[in-house]
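The values are calculated or read from the model by the stated rules, or taken from the named source; none is laboratory data. On a predicted model such as this, the values are computed, not experimentally measured, just so you know. As a convention, Cβ positions derive from the backbone with ideal geometry for all residues, glycine included, and neighbour counts pool all protein chains shown. To get the accessible areas, we keep the full protein, side chains included, count just its heavy atoms, and leave off ligands, DNA and RNA. Shrake-Rupley method; radii C 1.70, N 1.55, O 1.52, S 1.80 Å.
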Amino acid sequence: AEVYYYKKQIDSHTLMVVVLRDGEEIEGTIEWYDRDALKINRKTAPNILLLKHNIKYMYKAEDRKK
């Protein structure tokens, strides 16, 4: 299920919010993933490589509470 979810978000360039274990939120699109990491492309900051063990959860930016 994880592979399908990442592929779907990559193919549709879905803007995602990634919440890290320390509470920091990273917003961007997923460029690629592997077993241990995600590469996130951001518009207002440099792109970032996130190790999966540092990710608490993620969701689509459009689902963010207003």
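Note on the range 28-50: residues that are more than 17 Å from residue 14 (Cβ to Cβ), open to solvent by 80 Å² or more (accessible area, probe 1.4 Å) and outside any loop (DSSP other than H, G, I, E, B) amount to 1. If you filter the range 51-66 down to residues that are open to solvent by 80 Å² or more (accessible area, probe 1.4 Å) and not in a strand (DSSP E or B), you find that the one that is farthest from residue 7 (Cα to Cα) is 66. Candidates in the range 1-27 are the residues that are of a type in the set (A, V, I, L, M) and loosely packed, with under 10 Cβ neighbours inside 10 Å; of these, the one that is modelled with the highest pLDDT is 3. Taking the range 11-27 as the range and being out of contact with any Phe, Trp or Tyr (no Cβ under 9 Å at 6 or more places or on another chain) and part of a strand (DSSP E or B) as the test, the residues that pass are 20, 25, 26, 27.
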